[in-house]
Every structure is written in structure tokens, then in C-alpha cells.
Amino acid sequence: MKNVKIVGTGSYLPNNIISNNDLASLVDTSDEWISSRTGIKNRRITTGEGTTDLAVNAAKKAIVSSNINPMDIDLIIVATISPDNFTPSTSCEVQKEIEADNAMCFDINAACSGFIYSLNTAYAYIKTGFAKNALVIGVEVLSRLTDWEDRSSCVLFGDGAGAVVISESEEIGIENFHCKSLGKLSENLKCGGTDLKNPYVSKITDKYIKMNGQEVFKFACSYVPKGIKAVIEESQYEIEDIDYFILHQANERIMDSIAKRLKISKDKFYKNIASYGNTSSASIPIALDEMFDKGILKQGHKIVIAGFGGGLTYGVSLITI
């Protein structure tokens, strides 16, 4: 079977920058309180652009980066928990805007693990010959799911989108995955959907993100290191061979704790949480695109990407650039 390689990246962030001090005018908080606990200093919040708008802009950049014709894209997968509509899917809306008329399209909901799950799915399609080129997007407008009066959660989230194009290749690229779900822990991170209203029942749903931060922290620090060890053990490499670890940007303390548990220098963990906050499924592809733009990632580099979040879910992949 062919190898599968990342051939292009893209990202897009709203222009509206909201600082910790800005939030201090809305709720009882402070820059010191937020940054010391999370590492976040700023986040981007849309002033009108929707989930599809962000996704399309990230997709267009990834397509230019990959030098691919949109008509040659066979598959579009969008990871999001914050779509503009239940139907049509965000992926179908993206397809329309980029004129990738030959693609099959669907969305995946795996919260902050969504990009990894979507990448794993697209990888499987290409490896088994059902596609040659796939566009994978992680996008969130979490500001629509945020309770702006809850100081414990509204300080965490931001809006943004990231995308990659992956294609069959003769070169080594995406090497393996380790993805798992723990539904028994689902109560620790939830966001309700539409109200249940019909002639026989009326049930109002809490539509804001609610999180047991302590339990999610413990989950991430316990299971993500295990996933990272698993993908490396399944390869021919040692942990010292990995050039960079790109984790979901949920909390700086989580990343530092995982580095400590794995006995890896924190310098190998790329962080941009200070600028963008937690963008859920978008955080990893945003980081990938940023690292390419800055010239940090070079051909031949070995990276491990890891997402974790609602479900509870986690996913890890080992990739050669």
C-alpha cells in the first residue's frame, strides 16, 4: 500500500484579539489569574465569521500550499463541535466554496481529539485505495458555545481553523495512530444540543460548555503519555528521535506535566496557547501551519501530534515531515 503524507497546511484566525484584561471587564478575573493557571494571554473571537467561513479560509491556504487542484480532492473531512448548521455538514459547505466537486464530504465530532480522528479516517481511506487526496480541517467557533458569565470557562476558549492536505506518496509520512475513547468519563466535559420539544415532552438543554477541569487535567496527564509511548513503541524509533511534540493547546500546565512524565525537555513541545487559547479541534492544525510558516518544521523531522478532550477521547499520531 502507498504511504500517506502531509503535502500542505493552512490556518485562519479571526482578526479580533481579546486579551485577558479585556475579559476582566466582563467577569471577575485578571490577567495574572488566567495566565498563571492556563498559559493563555489572548484569544481570537469572531465578530461575525462563522464556522464555515473560518474553515474555507484555512482550506484555501492549505490547497495553495499543497499545489493541488481542488477537483483532485477525493475526500473532505471537517472536525468540529460548533457547526453553523446541523445540516448541511460544514464539509459540504466547504466543498461548495472551494469547488472541490469530486469529493465525498462528512463531519466528525470528537471535540479536541477531532482533528486526529479525522486525520486517522482520511489516512485509512487513502491507504486502502478509496481516495488519493484528502482535505482535513479542524475548525471551531467556540464563542457560540461559551457561557460568557462563567469565569472558569469563558477565559479558556478561542475561535479558529486549521487544515491539512494529505496525499498518497512514495515517501514516508504519516506512520501510525493510537486513538481511544473513554465514554464512562463523558460527564466531565459536556455541551448540550437542541432542546427536546415535541407535543409530548419539553426538556430544556444547557447549551454551554461545562467542564470538570480537575478530572480532565488528570485524564490528559494520565492517558496522553500512554498514547505517545504506544505510537513510538509501535514504530522503529525511540522517544529521543522525535523532533517535536505538538499537543492540543488546552492548558500549558498539561503540556508541561506530560513532558515531565515522559522525561522530555519542554523545549520539544510547541506552544501557541498564549496567543490563541483553546481552539479545540483546530489547535493542532493551526500549530502545524504556524510551525511551517516559521520554518521550524523541516523535511525529515519526526513529530508526534496528540489531541484529547470531550468524549472523553484522545488520539496520537507519529508523522515524518
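The values are calculated or read from the model by the stated rules, or taken from the named source; none is laboratory data. Here the structure is a predicted model, which means the values were calculated and not measured. Note that each Cβ is placed from the backbone with ideal geometry, even for glycine, and that neighbours are counted across all protein chains shown.
Against the criterion of being buried (at least 20 other Cβ atoms within 10 Å of the Cβ), among the small types (Gly, Ala, Ser) and assigned to a loop (DSSP other than H, G, I, E, B), Ala220 does not qualify.
Here's a check for you: in segment 261-287, which residue that is in a helix (DSSP H, G or I) and either in the same structural domain as Leu145 (by TED's automatic domain parsing) or of a type in the set (Lys, Arg) (or both) is farthest from the chain's Cα centre (by Cα)? It comes out as Arg261.
Comparison of Asp206, Asp147, Asp107 shows that the only residue that is assigned to a strand (DSSP E or B) and either of a type in the set (Asp, Glu) or surrounded by fewer than 14 Cβ atoms within 10 Å (Cβ to Cβ) (or both) is Asp107. For segment 288-312, the set of residues classified as among the aliphatic types (A, V, I, L, M) and assigned to a helix (DSSP H, G or I) consists of Leu288, Met291, listed by residue number.
Within segment 57-91, the set of residues being surrounded by fewer than 24 Cβ atoms within 10 Å (Cβ to Cβ), in contact with a helix residue (DSSP H, G or I) (Cβ under 7 Å, 6 or more places away or on another chain) and in a helix (DSSP H, G or I) comprises Lys60, Ile63, Pro70. Can we say Ile232 is of a type outside the set (Asp, Glu), more than 19 Å from the chain's Cα centre (by Cα), not in a strand (DSSP E or B) and not assigned by TED's automatic domain parsing to the domain that holds Ala79? Yes; evaluated as a whole, the condition is true for this residue. If you go through segment 156-181 and pick out every residue that is farther than 18 Å from Ser280 by Cα, in a loop (DSSP other than H, G, I, E, B) and aliphatic (A, V, I, L, M), you end up with 1. Among residues of segment 6-22 being touching a residue at least 60 places away in the same chain (Cβ under 8 Å) and part of a loop (DSSP other than H, G, I, E, B), the one that is surrounded by the most Cβ atoms within 10 Å (Cβ to Cβ) is Leu13. Yes or no: Ser113 out of contact with any Lys or Arg (no Cβ under 8 Å at 6 or more places or on another chain), surrounded by 20 or more Cβ atoms within 10 Å (Cβ to Cβ), under 30 Å from Leu185 (Cβ atoms) and in contact (Cβ under 8 Å) with a residue 40 or more places away in the chain? Yes; evaluated as a whole, the condition is true for this residue.
Leu318 fulfils the conditions (1) surrounded by fewer than 24 Cβ atoms within 10 Å (Cβ to Cβ); (2) under 14 Å from Cys112 (Cα atoms) except for a single criterion, (2).
Residues in segment 23-51 that are part of a loop (DSSP other than H, G, I, E, B), surrounded by 15 or more Cβ atoms within 10 Å (Cβ to Cβ), of a type in the set (Gly, Ala, Ser) and over 25 Å from the mean Cα position of the chain (by Cα): none.
Might you let me know whether segment 121-143 holds any residue that is charged (D, E, K, R) and closer than 22 Å to Lys210 by Cβ? Within segment 121-143 (the criterion being charged (D, E, K, R) and closer than 22 Å to Lys210 by Cβ), the answer is yes, since at least one residue qualifies.
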